[in-house]
Amino acid sequence: MPIYEYQCRNCQQSSQFLILKKEEEDGILCPGCSSNQLKRIISRVAYHPSQDDRIMNFNPDSRQTESFYSDSRNIGLSAQKQAREMGVDLGKSFEDKLEKLRSDPGSILKDSSI
Ligand SMILES: [Zn+2]
């Protein structure tokens, strides 16, 4: 996965972005202050965040980058985080549906049981 780490020149916050195409780098914004003055600090981050990390790091109040939305693993992240914070168990079937959506986003159109 081409995940890169950036540091904001404005507030110094570091953040990671999945950059699939060079052009996507132009559109990334600091999650802390929304500045676009980011510099790449590590050429490539070798670790893959776990789904738990994703939920932990996900900030529903910050504007998400396009790469966030194009990453199907982020589907349902907002709901999962909210549920976790409220101590609600969404249940196995919900997780299964998310998993299905993430692995095959087109399946929701075919599966009328969702
Ligand atoms: Zn910043």
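The values are calculated or read from the model by the stated rules, or taken from the named source; none is laboratory data. These numbers come from a predicted model, not from an experiment. Here the Cβ is made from the backbone with ideal geometry for all residues, glycine too, and neighbour counts use every protein chain on show. Please note that ligands, DNA and RNA were not included when accessible areas were found on the heavy atoms of the full protein model with its side chains. Shrake-Rupley method; radii C 1.70, N 1.55, O 1.52, S 1.80 Å.
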Checklist outcome for this item: Taking first residues from the range 7-35 that are touching a residue at least 40 places away in the same chain (Cβ under 8 Å) and within 24 Å of Ser50 (Cβ to Cβ) and second residues anywhere that are open to solvent by 50 Å² or more (accessible area, probe 1.4 Å) and in a loop (DSSP other than H, G, I, E, B), the pairs with Cβ under 7 Å that are 6 or more apart or on different chains are Leu18/Met1
Next on the checklist: Regarding the range 71-84, can at least one residue be identified that is of a type in the set (Val, Ile, Thr), away from the ligand (no atom under 16 Å from the Cβ) and under 15 Å from the mean Cα position of the chain (by Cα)?
Outcome noted: yes
Checklist outcome for this item: Residue hits (the range 9-31; near the ligand (Cβ under 10 Å from one of its atoms) and under 16 Å from Gln64 (Cβ atoms)) are Gln13, Ser15, Leu29, Cys30, Pro31
